[in-house]
Each structure stands twice: as C-alpha cells, then as structure tokens.
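Read through the structure below, which is laid out as structure tokens, and then see the notes.
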Amino acid sequence: MDEAGVRRTLDAVWRMESARIVAGLVRLVGDVGAAEDCAQDALVAALQQWSESGVPENPGAWLATVSRRKAIDRARRRELVDRKKGQIAEEMRFAGSVERPGERLGDPIDDEVLRLLFICCHPVLTTEARVALTLRLVGGLTTEEVARAFLVSRATLAQRIVRAKRTLREAHVPFELPPKHDLPDRLSSVLEVIYLIFNEGYAATAGRDWIRPELCLEALRLGRVLAGLAPSEPEVHGLVALMELQTSRLAARVGPGGAAILLMDQDRGRWDPIHIRRGMAALEAAQRKGGAFGPYALQAAIAACHARAVAPEASDWEAIAALYDALGQVAPSPVVELNRAVAVGRAFGAEAGLEIVERLEDSRALEGYHLLPAVRGDLLERMGRSAEAATAFALAASMTSNARERETLLGRARLCAQAPLSGDGGPDPEPSS
C-alpha cells in the first residue's frame, strides 16, 4: 500500500481507537500530554512500517501495543522503572500480541475511556480547553480539524491544548472517576462540553456555514459512547435524545447554496426518521430511569413535540410553552426565557410573547445577543408592525458573526421594509439553554 493509502487507513483507525489507546496510556504514565506523545510516536512508526510491510490484520491492536512500548521506554528514560516495575512487567506481557487480530488489550477499556472523558472535562480547565481536549483525545480529531471547526488558527488551538495538558499535570488531576459525591457536578461538565460541541455544529457562531454536520455527528457519537458507559444516568439519555432529534433536522436546515432555513419554514418531510426514532427511544430511556426530567431531557421533550407534528402549525405550542416553564424552573437562564417567549407567542398570541421579550430587554440580561432582537422582529412582524420589525431584524443582523444567519435576517428586514407581512417564519424556537 502506498503512503497515501496508509495515511487514510491510519486516520480511520485513529478516529475509532484513539480514545481507548490514549486512555490506556494515561493509566500507565499518569499524564495526558505524555500519553498523547506516546500515541503520536506510534502513529509515526505505523506510517513508516505499514508503508513497507503492509497494514496488520488488527491495526488498532498494533497501535495500542506499540504506543504502550513507547510509554514503557519513556518511563525507563525517566528512571521510573522501580516505581512502576510491576506495571511495566504487566505491559511487557502484551508485547507479543501485536499481530493477534480481535484481541482486546488491557483492563476494562470502557472504564478507561470514561475516565479520560472526565479528565478532558475537568473543572480546572476553561470551557474552551475542555472542548478542544475532548475533541482531540476522545474524539480523535486532529489539531487542524478542531481548529477549523472553531475557526481559530492551528497555532492558537495547539497552544490551547498544550496549556490544558500543562494545567492538568500541574493540578495533579488523577486518572480516576470522581468521588460519588462529586459525580453529578462532574457529569454535568461532561454533558455541557458535548452539547457545546453539538451546538456549534447545529448553529455555527461564526463563518460562512450555517451548520457544521460533522461536529453534530461527533458530539452525537460522544453522547452515545457516554450513554453506553453510564447507562443509569437519565440526563445522559436525555442529551442523546436531544441531539438525535435535532440531528434529524440537519438536511432541512439548509437550502440551495447553504442558505439558512429556519424551523417554521423547514420541509419536515426531509427530517430523518431514523434519528427521530432513536431520539424518542432515548427519551423513553431517560423517563424509565425515574425522577423528574433534567434540563437535557426537558429540551428533548420540546424537540419531540416538534418531531411529532407533521407541520409547524400542528405543533402543540401550549405543551411546548409549559415545558419551557419547567425548564426555566430547573435551569433558569435568560436564553431559556427567550425561547419561552417564542413558544408563548405561538401558543397565546404574539402580544404575550412580546411582553416577555420586553422584560428581557429591560433587564439587559441578553444585551448583545442577536436572537433577542430577532425574536422581537418575528413577533412584531406577526402583529403587523412591519417597520419596527424591519429595524429589529436589521439590528439582529448587525450583531451576529455567522454570515448565513446575517443574510437571512437582512432578507427578513428587507421584506418587512417593503410591505407589512403577517409572516410565519422566525428564529428556531428550539432548546438552547
């Protein structure tokens, strides 16, 4: 196989196996940065050797074994042999298993991946660092891919990851699951990171693209992995349900040339029924765990209301407004209240929704948030106050960094300026807490 073919194979294997490999190395060397260095050394060795001898039957096992050898060599060089003698001896026994296809290497790998996920989302790190490290180590994305997804330079992203590793090392973060009393807060951090990744794909904050499906799918994959590793946690299933249901809409969210299509204007016949069925099943799984719904399950329940409706006007807006009331109790935030304004405006009239928007404006809690004037514009347009709506849409357009969203908002501003319209469009009244 030529080098290009080897690189393609390596990329595919790394995407599938990197989390397990790095997690096993962290357990061995006790340092995230050193673990990834060993894994990268194994990738370099694979590129050299596979180009000459061919890809082994079990490339994942090959990479795991060679990276473990690299870790052992590193330990020796740092004169850690005495302290890690027993562990090294155990790892050396795996050295002969390179070419044995189908064999699982190491101890409970799934537990190790879960530990790695909790390390990447450790509260000692900034939110940006948690997202970058999770995509890099658990998702297996390259530095270039992560940088491109979040529209930062490769150098900036690489430095962010380096700082994150250094912070973990200096804080002596152990490679273990958090104590039972800390688990809910730490799990919340993991879920937040996964959903931040998803949201950046679902409604990109900047750039030319309205959506980035690859980020949505990567977040969904991470959510499914987490659901398999923590099956008794209802909010994990709630998040998976939410992401599945929102993923079902991706094909309908963009028009010709990448133009943004908002929820009320989408062709629901293009919503993916497979993702909808998976989302409903995950929501049922969350419900079976018992207790009141948490914020992700509540948002999934809202998305389910839309998924059940064959057309926007068929959505049970009163139920959606009630669910937003509940969400506001569980996870109060100005953004939740803005989404509630949209639902209330649909369920009880635009005037009722506008009252909520005006209270938010008076509080200045969402100052600078472009969807506040966008929602105001939608409500005003539906009330026949077209000139005011045009002003609101133009203001919203000036505040967003996403080019597609700006084009859509400016288009609505132009339509409102030309003639009074009753319009039925509007910002997506979807979960976004």
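Rule-based calculations on the coordinates, nothing more; no lab input. What you are looking at is a predicted structure, and each value in this text was computed from that prediction instead of being measured. Cβ sites come from the backbone with ideal geometry, for glycine too, and all protein chains shown count toward neighbours.
Odds and ends about this structure:
- Among 122, 306, 181, a tally of other beta-carbon atoms within 10 Å of each Cβ gives an order, fewest to most, of 181, 122, 306.
- Between amide H atoms placed 1.01 Å from N, distances below 5 Å from residue 254 occur with 261, all of them 5 or more places distant or on a separate chain.
- Positive-end residue, the chain charge dipole about Cα centroid, Cβ charges, pick of 264, 341, 56: 56
- Under a Gaussian network description of the chain, with springs only between Cα atoms under 10 Å, the residue in 343, 42, 417 that fluctuates furthest is 417.
- Estimated purely from DSSP H runs of n ≥ 4, each contributing -39500 (n - 2.57), the mean residue ellipticity at 222 nm for the chain is -21500 deg cm²/dmol once divided by its residues.
- Charge-dipole axis of the chain as Lys and Arg at +1 and Asp and Glu at -1 on Cβ define it, positive-most pick from 219, 238, 320: 219
- Dipole magnitude of the range 277-334, debye to nearest 20 (Cβ charges: Lys/Arg +1, Asp/Glu -1, about Cα centre): 380 debye
- A simple charge model with +1 on the Cβ of Lys and Arg, -1 on the Cβ of Asp and Glu and nothing else charged puts the dipole of the range 272-380 at about 600 debye relative to its Cα centre.
- Size of the range 281-433: Rg and Dmax of its alpha carbons, in Å, are 15.9, 53.
- For the options 330, 138, 236, a Gaussian network treatment of the chain with springs between C-alpha atoms closer than 10 Å singles out 330 as fluctuating the most.
- Placing unit charges on the Cβ atoms only, positive for Lys and Arg and negative for Asp and Glu, gives the chain a dipole magnitude near 1040 debye about its Cα centre.
- The chain: most fluctuating residue of 36, 200, 318 per GNM, C-alpha cutoff 10 Å: 318
- Kirkwood-based Rg to Rh ratio, the range 233-273, C-alpha trace: 1.11
- Karplus-derived 3J(HN,Hα) values for the range 206-211, using 6.51 cos²θ - 1.76 cosθ + 1.60 with θ = phi - 60°, are 8, x, 8, 8, 6, 10 Hz; glycine and proline are entered as x.
- For residue 58, no residue 5 or more places off, or on another chain, has a built amide H under 5 Å of its own.
- In the set (1) 85, 48, 39; (2) 77, 48, 39; (3) 82, 41, 38, the label that goes with Cα extents along the principal axes in Å computed for this structure is (2).
- Global dimensions of the range 24-76 from alpha-carbon coordinates: Rg and Dmax equal 11.2, 33 Å.
- Of the residues 153, 332, 127, the one whose Cα sits farthest towards the positive end of the charge dipole of the chain is 153 (charges of +1 on Lys and Arg Cβ, -1 on Asp and Glu Cβ, taken about the Cα centre).
- Per-residue Cβ neighbour rank within 10 angstrom, fewest leading, 271, 62: 271, 62
- Computed from backbone phi with θ = phi - 60° and the Karplus coefficients 6.51, -1.76 and 1.60, the 3J(HN,Hα) list for the range 24-36 is x, 6, 4, 4, 7, 9, x, 8, 4, x, 5, 4, 5 Hz; x is used for glycine and proline.
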